[in-house]
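Visitor: So that we are looking at the same thing, I have put the structure below in structure tokens.
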């Protein structure tokens, strides 16, 4: 999957310690993709972005290198 490849690149090639992602709360399918690749919810910013004249809530997810390594080890 593309999302898994991006995570692997971030940790294995770029050697980042932490990555994060966000999605609109009204799009839970995006949240499921983030959870599937091992990211955990870190919070919600209420009405933080204005899109098409309406304020949207944003859900934030994160993943640490140590947690990524533990997921790979299985």
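Visitor: Give me the Å³ per residue figure for the convex hull around the C-alpha atoms of segment 2-73. Walk me through the numbers on the way to the answer.
Guide: Values: hull volume 6.7 nm³, N = 72.
It is 93 Å³ per residue.
Visitor: As a test of the formula, what do you get for the chain when each DSSP H run with n ≥ 4 contributes -39,500 (n - 2.57) and the sum is divided by the residue count, at 222 nm and rounded to the nearest 500 deg cm²/dmol?
Guide: Numbers: 3 runs with 25 residues, N = 74.
Here the helix-only value at 222 nm equals -9000 deg cm²/dmol.
Visitor: Kirkwood Rh, Cα Rg: Rg to Rh for segment 32-74? Numbers along the way, then the final one.
Guide: Numbers: Rg = 14.1 Å, Rh = 12.0 Å.
Value, to two decimals: 1.18.
Visitor: So if R0 is 22 Å, what FRET efficiency would residue 55 and residue 27 give, r being the distance between their Cβ atoms, rounded to the nearest 0.05?
Guide: Working: r = 15 Å, r/R0 = 0.69.
E between residue 55 and residue 27, to the nearest 0.05, is 0.90.
Visitor: Given a cut-off of under 8 Å on Cα pairs at least six residues apart, what relative contact order in percent is computed for segment 2-73? Don't jump to the answer; show the numbers that get you there.
Guide: Numbers: 94 pairs, mean separation 25.1, N = 72.
Result for segment 2-73 is 35 percent.
Values in this text are rule-based calculations from the coordinates and carry no lab data. On a predicted model such as this, the values are computed, not experimentally measured, just so you know. Virtual Cβ from ideal backbone geometry, glycine too; neighbours counted across all protein chains shown.
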